[in-house]
Structure formats: C-alpha cells, structure tokens
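Below is one structure; the comments refer to it alone.
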Amino acid sequence: MTLLLVSICPSPEPDLLLVDRLLARAKKQGMKTALIVGKCDLDGGKLLAQMQEEYRGADCPVLGVSARNKEGLDSVRALMRGADCCCLAGQSGVGKSTLLKAISGIMQPTEGEIEVNGRIAALLELTSGFDAELTVRENTYLRGALLGYSRKFMHDTYDRIIEFAELEDFQDRQFKQLSSGMKSRLAFSIACLVSPDILILDEVLSVGDGAFRQKSEARMRQILQSGVTGVLVSHSLEQVRDMCNKVLWLDHGRQMGFGGTKEICDAYEEFLSDKQKEAK
C-alpha cells in the first residue's frame, strides 16, 4: 500500500490550494492519503476542525497531532502501519473459497503449510449459525456470544446493529420469516463488530440492495483503514479495483498472477475476453 501523508500546521499558514493538489494527484495514482494537522494546540484546534469539515466524506482522514500534549500520535502510527487488502480473483470453482477456509482454519490443507500472523475473523457463509425459530433480537445476542462478545457489549451495541441492518421493524420476527436479503444484512451488521488483525470476506459485500452494498463497502473501508489486513473474494472487478491494492488470480488451484490491482485485473479481464471469444 502506498500512503501519502500531507502535514500542515497553524503557523506558518498553510497553502491549502497546494494541499488540495497534492491529495488529488495522489488519489489519481491510487494512493491512500491522510492529512495531518500538526501543532493543533497552537490555535485551540481551529485549523483541525476546519480541515475535518472540508474533507468530510473525501476518504482522506484528517488527524490532529500535538507533540506538546502527546495527542494523536497513536492514530498516526496506526495509519502508517496501514492495511493491505488483497483480492482473490478467478472464475467460479477454481478454489477461492477453499483457500479462504484453509487460511481461516475451517479446512486443513492436504499439502503445504499456512502461516498466519495475527487473529483472524472470517465472514464466509453469512447466514450460517442462526436459529430459524428464534427472533431477530434473540439471534443477534446468540451470534454475538458465538463471536465471543459479552452480553453487556451486545446490549450496548444492539441498537446500532439493528439500525445498520435496517431491521428496526422486524426485531421480534422469527429468523425464518425474514427474506434472504434481510438475513444477510443482519449477519453482516453483527460481523462488522469484529476487530481482528486479518479480515476474510467471501462475497459478503454483495448482500442487500445497492444502497446497503454502498454502506457495507464504506464500513469495510473504515475497518481496513484501522490497520486490519483484508482478504476479499469478489466477482465484481469494479469493487476489487476500488477496495484492493493487491490481487491473487487463481485458476483451478494454480496461481496465474499476483501483484498490483491494475496489472492483475487488466490481465484477468483480457483472459475472460479471450475465453468468451473461444466459446463463440
């Protein structure tokens, strides 16, 4: 991951036009960006508040730092540790989900070894593990317990889960009475609570309608920007290009390519185009 940190401070007065140009150029080249407001104690946080407002929704974190007060340093360290998001690309049946299950420990590899450095959370089969006879409310607490969360934690976050899943009017419905989209939204919303070192996602960002997918992608970006490493399976190359900085291309268990997102996605698209021509 390439990260550009642009640092400004209240004094001397920053050239905000130059800042905009630097950030826009970096974004165009696929870099992750962040704006650091140093010496934010000098003006009582006015410049920091101004920048946070101006860059709201711009996918560019604005962090305040004060060496004197020792504020914000941990946030900058976390940002610089960064996070890779690697996509597994390939046609259906080539082994993408099998590889994820092996990495997450659900399946044991028949050959070779898998070395994992960190704690894994895997979002593979979203709607498994729910009790069809229990209500949405009961299943939420049950799923939270299975993920290792305390009842107090689930009580404190329950309303946020239901709101994110857009199920406020269905809390006392049995799980079996929900549509498949509702079930997936609930599962994804609960899973968003996890804070692992490695997050494995198997087509989970395709749940729900267009608006919910956008919300899910935004939530995943927040998680990845917190320093989590992501491994994503997706059939949407647009989604891959938008969210990942590395791609592993598989075909019938063989590695066809591994590298930067643009390079591998372009090669994979050419491969698919050639396959379609051969089929005609």
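The values are calculated or read from the model by the stated rules, or taken from the named source; none is laboratory data. Keep in mind that this is a model prediction, so the values were computed, not measured. Note: ideal-geometry Cβ built from the backbone for every residue, glycine included; neighbour counts use all protein chains shown.
Details
- Qualifying residue in region 239-259 (condition: free of Cβ contacts under 8 Å to residues at least 24 places away in the same chain, in a helix (DSSP H, G or I) and surrounded by fewer than 20 Cβ atoms within 10 Å (Cβ to Cβ)): no
- A single member of LEU35, LEU42, LEU17 is part of a loop (DSSP other than H, G, I, E, B) and at pLDDT 80 or above, and it is LEU42.
- Any hit, region 245-261, residues being in contact with a strand residue (DSSP E or B) (Cβ under 6 Å, 6 or more places away or on another chain), more than 20 Å from ILE103 (Cα to Cα) and among the polar types (S, T, N, Q): yes
- Sole residue being at pLDDT below 70, surrounded by 15 or more Cβ atoms within 10 Å (Cβ to Cβ), outside any strand (DSSP E or B) and of a type outside the set (Phe, Trp, Tyr), chosen from ALA78, ALA121, ALA83, ALA102: ALA83
- Residue identified as more than 12 Å from the chain's Cα centre (by Cα) and in contact (Cβ under 8 Å) with a residue 12 or more places away in the chain among LEU232, LEU199, LEU178: LEU178
- Flag if ALA58 is out of contact with any strand residue (DSSP E or B) (no Cβ under 6 Å at 6 or more places or on another chain), outside any helix (DSSP H, G or I), at pLDDT 75 or above and of a type outside the set (Asp, Glu): yes
- Checking PHE164, PHE130 one by one, the residue that is out of contact with any Asp or Glu (no Cβ under 9 Å at 6 or more places or on another chain), at pLDDT 90 or above and either buried (at least 16 other Cβ atoms within 10 Å of the Cβ) or of a type outside the set (S, T, N, Q) (or both) is PHE164 and no other.
- Considering residues of region 201-232 that are assigned to a strand (DSSP E or B) and modelled with pLDDT of 80 or more only, the residue farthest from VAL116 (Cα to Cα): LEU232
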